[in-house]
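K.L.:
Would you mind keeping the following structure in view while I ask a few things?
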Amino acid sequence: MGRKFFVGGNWKCNGTAEEVKKIVKTLNDAKVPSQDVVEVVVSPPFVFLPLVKSSLRSDFYVSAQNCWVKKGGAYTGEVSAEMLVNLEVPWVILGHSERRALLGESNEFVGDKVAYALAQGLKVIACVGETLEQREAGSTMDVVAAQTKAIADRISDWKNVVVAYEPVWAIGTGKVATPAQAQEVHDGLRKWLQKNVSADVAESTRIIYGGSVNGGNCKELAGQTDVDGFLVGGASLKPEFVDIISAATVKSA
Ligand SMILES: O=C[C@H](O)COP(=O)(O)O
């Protein structure tokens, strides 16, 4: 079974209600490849999830950008996986590098979050990626393998997991990884899954790329064998997100 192309739009901490309505309208009016070809998920800030969910076209899905590591309770400011399930939000992004760096989320903490969210029935976009310093030190594969291992150690079923490879140096910088750089790490991650999880999981798990993806570079990146889609930040707030979704046709061509 082929891996269906996956395009996620991570809106991060952006937008007013008016801006959100405008983005949704652009998406709703867009002509994109069918659901058989591409799975599209947009991830607004928590407060806009109900608005987006209720107004977004039915062939696109919503995702939260984070959730708490265990059952809800006395955790001021957090949102639990159960709450997302209750609101019928199917996806959650976990382990984004901004949270790892700014909020000190460790590999183990992210692994615990992934395991808990999956156990509640959520689907997870799990982010991994190296800093520029780590890349220059030649430790890219070690870093992403350790991040992936912390997840693999805690879960047994990968069917609801998409792995997002997001080199930190490429996020929001306009400095996109070359298609060859992306392919090299995606291939390395797939081999890691094959060796440490199973051949089936390696073959079926989508590994998507994130980091300055835009309407201009998406097709070449999508052409790489092991690039199964994108997690898009800045460009997901703009009409060019539609072109990025349409890059899925590169795979089916
Ligand atoms: O989650 C998305 C990534 O952080 C990429 O962000 P960017 O497309 O703005 O570089």
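K.L.:
In the set Thr173, Thr225, Thr249, which member is within 16 Å of the ligand (Cβ to nearest atom), over 23 Å from Ile151 (Cα atoms), open to solvent by 10 Å² or more (accessible area, probe 1.4 Å) and of a type in the set (Ser, Thr, Tyr)?
P.N.:
Of Thr173, Thr225, Thr249, the one residue that is within 16 Å of the ligand (Cβ to nearest atom), over 23 Å from Ile151 (Cα atoms), open to solvent by 10 Å² or more (accessible area, probe 1.4 Å) and of a type in the set (Ser, Thr, Tyr) is Thr173.
K.L.:
Here is a follow-up. Tell me whether the stretch 192-215 contains one or more residues that are under 30 Å from Glu78 (Cα atoms) and surrounded by fewer than 17 Cβ atoms within 10 Å (Cβ to Cβ).
P.N.:
Scanning the stretch 192-215, I find no residue that is under 30 Å from Glu78 (Cα atoms) and surrounded by fewer than 17 Cβ atoms within 10 Å (Cβ to Cβ), so the answer is no.
K.L.:
Further, regarding this structure: Filter the stretch 5-18 down to the residues that are surrounded by fewer than 16 Cβ atoms within 10 Å (Cβ to Cβ) and in contact (Cβ under 8 Å) with a residue 12 or more places away in the chain, then identify the one that is nearest to the ligand (Cβ to nearest atom).
P.N.:
Cys13
K.L.:
Can you find even one residue in the stretch 144-155 that is within 16 Å of the ligand (Cβ to nearest atom), open to solvent by 60 Å² or more (accessible area, probe 1.4 Å), at pLDDT 95 or above and part of a helix (DSSP H, G or I)?
P.N.:
Checked against the condition, which is being within 16 Å of the ligand (Cβ to nearest atom), open to solvent by 60 Å² or more (accessible area, probe 1.4 Å), at pLDDT 95 or above and part of a helix (DSSP H, G or I), the stretch 144-155 yields no hits at all.
K.L.:
Please determine whether any residue of the stretch 114-128 is buried (at least 20 other Cβ atoms within 10 Å of the Cβ) and among the basic types (Lys, Arg).
P.N.:
Within the stretch 114-128, not a single residue is buried (at least 20 other Cβ atoms within 10 Å of the Cβ) and among the basic types (Lys, Arg).
K.L.:
Let me ask you something else. Being acidic (Asp, Glu) and either open to solvent by 80 Å² or more (accessible area, probe 1.4 Å) or under 14 Å from Phe109 (Cβ atoms) (or both) is the filter here, so list the residues in the stretch 68-95 that pass it.
P.N.:
Glu78, Glu88
K.L.:
Identify the single condition in (1) touching a residue at least 40 places away in the same chain (Cβ under 8 Å); (2) away from the ligand (no atom under 16 Å from the Cβ); (3) touching a strand residue (DSSP E or B) at 6+ places or on another chain (Cβ under 9 Å) that Arg190 does not satisfy, given that it satisfies every other one.
P.N.:
All conditions pass for Arg190, except number (1).
K.L.:
Taking interchain pairs and intrachain pairs at least six residues apart, which have beta carbon atoms under 6 angstrom, with the first residue in the stretch 143-154 and polar (S, T, N, Q) and the second part of a helix (DSSP H, G or I)?
P.N.:
Gln147/Asn107
The values are calculated or read from the model by the stated rules, or taken from the named source; none is laboratory data. Because the structure is predicted, anything quoted here is derived from the model rather than measured. All Cβ positions, even for glycine, are placed from backbone atoms using ideal geometry, and neighbour counts span all protein chains on display. We work out accessible area using only protein heavy atoms, side chains counted, and drop any ligands, DNA or RNA first. Shrake-Rupley method; radii C 1.70, N 1.55, O 1.52, S 1.80 Å.
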